[in-house]
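J.: Take a look at this one; I'll ask things after.
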Amino acid sequence: MQRRIYMACPMGPVGGGMARVVDGLIDASRSAAGSSAAPLVALDTRGQGSAAGSLVVLLGAMRVLIAARKNVAGVHIHLAERLSLLRKGALMLLCRALGMPTIVHLHAAQFAPFYRQLPAPARWLTRRVLQLPACLIVLGQRASQFMTDEVGVPAQRVRIVPNGVPAPRIARQRDAAIRRVLFVGNLSERKGVSDLLQALCLPGWDRTRTQVLFAGGGDVEGYRAKALAMGLDPWLQWTGWLAPQQMAQRMAQADVLVLPSYDEGLPLVILEAMAQGVAVVCTPVGEIAHFITDEQEALFVPPGDCQALARQIQRVLTDDALRSRLETAGRQLYASRFSMDRFSTEIARLHRQHFDLRPR
């Protein structure tokens, strides 16, 4: 019987970017180029309910692995911080007890500050648990150095694999009469939403020819009330989370994607914008500056600098030559570094290297 690779991750909307990564890898694994030589199977470890209820879902995932242990080639565990570390740590210990090889894939932008705030005994336990997997995948050099220097994971077990996203399925739909600014993400201070609202209050905007769309969950009503008090709300659109097809359409219509975050890993939405040929204005936080060059594939702004944020967005909206150059360079970078074919092939290579893929 062919053995399976289980992809342990919070699935569905609560899984956010991790769930989208797993969905993309499972889809890509069905092609010859992305094959891991074993089928990938999603294993939900979180559920859509409360944090306390997630422990019930975790126990169910553990029962699945125990029942299928003779046909498990390996478990690819997708990890964030906080309760994700607790759930996935328990899963790693179970896999160790069952003799199942594991790969851990770290997605969390805030894992390092979270780890540093833990009490000493909790940091010790975290270090011991994260040294169990055969391989630890991180998004870039910053995370790699943290894992080797502070967590003590042997350098030979750490692999940098930047995210990948599927090619766009919708052609560009730009309207020459309207300039569209798009924000995608969970509406929060960490994502710089208040900074973007402040930037939109500054001079230089042509509100008659510019639309600004906030697509995402979080405190939508709170930020909408704030925009209303600032005199912005009639100009802005708030959609909440959109279905994938609707989000793809909004991306295809955008002239510029804006992500003024204070903390990120390697955001999928930036890669999706580049794949679609949408210019990007963002902060150079997390792993972004290790892969993307300012004034070449994107325009960078310092976190919290509202004037610079307004200025860079307005440059994209008013300078057609600049926007075209950013779009072309972004598409080229996507094709060379962030395509799903490249991403799934690298993950499949690690699966073949570290998992027992022999039939039994």
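J.: So, Ile77, is that one closer than 29 Å to Met340 by Cα and either of a type outside the set (S, T, N, Q) or modelled with pLDDT of 95 or more (or both) or not? Explain how you work it out, then say what you get.
T.: Working: closer than 29 Å to Met340 by Cα: yes; either of a type outside the set (S, T, N, Q) or modelled with pLDDT of 95 or more (or both): yes.
Yes; evaluated as a whole, the condition is true for this residue.
J.: Next question. Among the helices (runs of 4 or more DSSP H) contained in segment 138-251, which hold 3 or more residues that are in the same structural domain as Cys306 (by TED's automatic domain parsing) and on the phi < 0 side of the Ramachandran plot?
T.: Details: elements: 141-146, 193-200, 220-229.
Result: 193-200, 220-229.
J.: Test Gly277 against the criterion of being under 19 Å from the mean Cα position of the chain (by Cα), modelled with pLDDT under 95 and of a type outside the set (Val, Ile, Thr), and give yes or no. Let's see the steps before the verdict.
T.: Numbers: under 19 Å from the mean Cα position of the chain (by Cα): yes; modelled with pLDDT under 95: no; of a type outside the set (Val, Ile, Thr): yes.
No; evaluated as a whole, the condition is false for this residue.
J.: Right, Glu264: assigned to a loop (DSSP other than H, G, I, E, B) and either modelled with pLDDT under 95 or under 27 Å from Pro101 (Cα atoms) (or both) or not?
T.: On the way: assigned to a loop (DSSP other than H, G, I, E, B): yes; either modelled with pLDDT under 95 or under 27 Å from Pro101 (Cα atoms) (or both): yes.
Yes; evaluated as a whole, the condition is true for this residue.
J.: Among the candidates Ser324, Ser336, which residue alone is closer than 20 Å to Gly140 by Cα, at pLDDT 95 or above and either surrounded by 16 or more Cβ atoms within 10 Å (Cβ to Cβ) or not aromatic (Phe, Trp, Tyr) (or both)?
T.: Details: Ser324 fails: closer than 20 Å to Gly140 by Cα.
Just a single option satisfies the conditions, and that option is Ser336.
J.: Taking the condition in contact (Cβ under 8 Å) with a residue 12 or more places away in the chain, under 26 Å from Gln141 (Cα atoms), crowded, with 21+ Cβ neighbours inside 10 Å and under 20 Å from the mean Cα position of the chain (by Cα), does Glu297 pass? Don't jump to the end; show me each part of the working.
T.: On the way: in contact (Cβ under 8 Å) with a residue 12 or more places away in the chain: yes; under 26 Å from Gln141 (Cα atoms): yes; crowded, with 21+ Cβ neighbours inside 10 Å: yes; under 20 Å from the mean Cα position of the chain (by Cα): yes.
Yes.
J.: On to the next question. Consider Gly286 against the criteria (1) of a type in the set (Gly, Ala, Ser); (2) in a helix (DSSP H, G or I); (3) outside the structural domain of Ala37 (by TED's automatic domain parsing): it satisfies all of them except one. Which criterion is unmet?
T.: (2)
J.: Does segment 27-55 hold any residues that are within 19 Å of Ala80 (Cβ to Cβ), in a helix (DSSP H, G or I) and not small (Gly, Ala, Ser), and which are they? If you could, list the steps in order and put the result at the bottom.
T.: Initial filter on segment 27-55 (within 19 Å of Ala80 (Cβ to Cβ)): 42-55.
If we keep only those that are in a helix (DSSP H, G or I) as well, we get 51-55.
Answer for segment 27-55, where residues must be within 19 Å of Ala80 (Cβ to Cβ), in a helix (DSSP H, G or I) and not small (Gly, Ala, Ser): just Leu55.
The values are calculated or read from the model by the stated rules, or taken from the named source; none is laboratory data. If you're wondering where the values come from, they're calculated on a predicted model, not measured in any experiment. With ideal geometry, Cβ positions are generated from the backbone for all residues, glycine too; neighbour counts draw on all protein chains shown.
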